[in-house]
Amino acid sequence: MGFYISNTVNTRELNDRLRINGSDAEIGRVTMTAMVMSLKPDKFFELLDKVRGYKFTEDDDPYNEHDFGVVEVDGDTFIWKIDYYNNMYDTGVDHAQVNNSEVCKRLLTIMHDSEY
């Protein structure tokens, strides 16, 4: 049985849970582009640490949902973002449903800025 929570605080909490802890069958998946996956291990793990520990500001998180960020590692810029999909990950869901785990899964994508 899924859960349904309808406010921004819980959207943020679910997004943070995925961003910090990684893939979770009930909440969603983390995916990375080939460019990110090809990074040397030290740079790759530094990138993951920066995504997990991302410090949000009003400028980059105006809705306070913790769903997007930009980080720099060794002079390269990386973007991470969370999108909301149905349970099959083949179509988006209405924002009103983002906290209903019965119909919505999150997909956190990490990419190099040149891939955006």
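The values are calculated or read from the model by the stated rules, or taken from the named source; none is laboratory data. From a predicted model like this one, the values you see are computed outputs, not experimental measurements. Cβ coordinates were reconstructed from backbone atoms using ideal geometry, including for glycine residues, and neighbour counts include every protein chain displayed.
Each residue in segment 24-51 was checked for being of a type in the set (G, A, S) and at pLDDT below 95, and 1 of them qualify. If you filter segment 73-95 down to residues that are without any contact (Cβ under 8 Å) to a residue 12 or more places away in the chain and either among the polar types (S, T, N, Q) or surrounded by 12 or more Cβ atoms within 10 Å (Cβ to Cβ) (or both), you find that the one that is farthest from T33 (Cα to Cα) is H95. Residues considered: Y116, Y54, Y89. Of these, the only one that is modelled with pLDDT under 95 and either aromatic (F, W, Y) or in contact with a Gly (Cβ under 6 Å, 6 or more places away or on another chain) (or both) is Y116. Of all residues in segment 36-57, exactly one satisfies the criterion of being among the hydrophobic types (A, V, I, L, M, F, W, C), out of contact with any helix residue (DSSP H, G or I) (no Cβ under 9 Å at 6 or more places or on another chain) and within 12 Å of F78 (Cβ to Cβ), namely L48. Residues that are more than 16 Å from the chain's Cα centre (by Cα), surrounded by 14 or more Cβ atoms within 10 Å (Cβ to Cβ), outside any loop (DSSP other than H, G, I, E, B) and without any contact (Cβ under 8 Å) to a residue 40 or more places away in the chain do not occur anywhere in segment 16-35.
Would you be able to say whether some residue in segment 19-35 is more than 23 Å from T8 (Cβ to Cβ), among the hydroxyl-bearing types (S, T, Y) and touching a helix residue (DSSP H, G or I) at 6+ places or on another chain (Cβ under 6 Å)? There is at least one residue in segment 19-35 that is more than 23 Å from T8 (Cβ to Cβ), among the hydroxyl-bearing types (S, T, Y) and touching a helix residue (DSSP H, G or I) at 6+ places or on another chain (Cβ under 6 Å).
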